[in-house]
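J.: The following block contains the structure, expressed as structure tokens.
The values are calculated or read from the model by the stated rules, or taken from the named source; none is laboratory data. If you're wondering where the values come from, they're calculated on a predicted model, not measured in any experiment. As a convention, Cβ positions derive from the backbone with ideal geometry for all residues, glycine included, and neighbour counts pool all protein chains shown.
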Amino acid sequence: MLKLYDANISGNCYKIKVLLSFLNVEHEIINVDLFKRQQKSAEFIALNEFGQVPVLVDGNETIRDSQAILFYLASKYDDGTWLPKDAVGQAKVIQWLSISANEIFNSFAMARVYYLLNLKEIDVERATARAYALLKTLEQHLSTRHWLEFERPTIADIACFPYISMAGEGKISLEDYPHVMAWLDRFKQLPRYVDLP
Ligand SMILES: N[C@@H](CCC(=O)N[C@@H](CS)C(=O)NCC(=O)O)C(=O)O
């Protein structure tokens, strides 16, 4: 059975739990206590040398990084619904996975972690400014479509959904971005959607 090394607080882990639910793939969740720094234990470093969750173990394969895991699961356990099979289609989805790993992580996720964990080393003003700049672009993008690509939900939407939907925890308001809010609501209506932990 698939094993997901997970932390409840993590939006990156949440991406994987959402896709596993959409795909209805049986899996075991192994909780990694980030506050006890279990992610830096020798046992965990053997799974991921970067000492971070999520990590997925599928038989003899160990995959780290939420974007890579989304790609892996959709490639292996899906029929092309969540990730197109052609090169152009895949590239168009992966460009959003990159936005999730960089622009979204360094804005929404950083602001969230600043307020939740009181991490003073984070430049929250910069993270907040980046989040609003991104919202402006996303609002424009979503004003003419329902989903990030292809007029259907893909792992692009799964990758970008978690930290934007938790914007409030980083004191970022979505009030002036109705198309972004409508996209979040649409995502929550998908069959087998699981809520944030
Ligand atoms: N690029 C990685 C980032 C993973 C990451 O930042 N994980 C965080 C939780 S969201 C973590 O494990 N933090 C604990 C640490 O770095 O010690 C991904 O997308 O999975």
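J.: Taking into account only those residues within segment 20-34 that are within 13 Å of the ligand (Cβ to nearest atom) and touching a helix residue (DSSP H, G or I) at 6+ places or on another chain (Cβ under 9 Å), which is farthest from Pro153 (Cα to Cα)?
T.: Once the filter is applied, the top-ranked residue is Asp33.
Yes/no matrix, rows are residues, columns are (1) surrounded by fewer than 22 Cβ atoms within 10 Å (Cβ to Cβ); (2) on the phi < 0 side of the Ramachandran plot; (3) part of a helix (DSSP H, G or I):
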{"position": "Thr62", "(1), (2), (3)": "yes, yes, no"}
{"position": "Gln67", "(1), (2), (3)": "yes, yes, yes"}
{"position": "Leu73", "(1), (2), (3)": "no, yes, yes"}
{"position": "Lys85", "(1), (2), (3)": "yes, yes, no"}
{"position": "Lys92", "(1), (2), (3)": "yes, yes, yes"}
{"position": "Ser98", "(1), (2), (3)": "yes, yes, yes"}
{"position": "Asn102", "(1), (2), (3)": "yes, yes, yes"}
{"position": "Tyr114", "(1), (2), (3)": "yes, yes, yes"}
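J.: Moving on to the next point. So, Asp195, is that one touching a helix residue (DSSP H, G or I) at 6+ places or on another chain (Cβ under 9 Å), modelled with pLDDT under 95 and exposed (fewer than 15 other Cβ atoms within 10 Å of the Cβ) or not?
T.: Taking the combined requirement at face value, the residue satisfies it.
J.: Here is a follow-up. What pairs can you find where one residue is in segment 56-79 and touching a residue at least 24 places away in the same chain (Cβ under 8 Å) and within 13 Å of the ligand (Cβ to nearest atom), the other is part of a strand (DSSP E or B) and of a type outside the set (Val, Ile, Thr), and their Cβ atoms are less than 7 Å apart, with a gap of 6+ or different chains?
T.: Leu56/Leu2; Leu56/Leu4; Ile69/Leu56
J.: So Asp6 passes all but one of these: (1) within 13 Å of the ligand (Cβ to nearest atom); (2) over 23 Å from Pro191 (Cα atoms); (3) outside the structural domain of Arg152 (by TED's automatic domain parsing); (4) crowded, with 18+ Cβ neighbours inside 10 Å. Which condition number does it fail?
T.: For Asp6, the exception is condition (2).
J.: Looking only at residues that are among the charged types (D, E, K, R) and part of a helix (DSSP H, G or I) in segment 127-177, which one is nearest to Ser75 (Cα to Cα)?
T.: Step by step, filter segment 127-177, then rank; the result is Asp157.
J.: Please work out which one of (1) within 21 Å of Leu4 (Cβ to Cβ); (2) out of contact with any Cys (no Cβ under 6 Å at 6 or more places or on another chain) is the condition Ser100 fails and give its number.
T.: (2)
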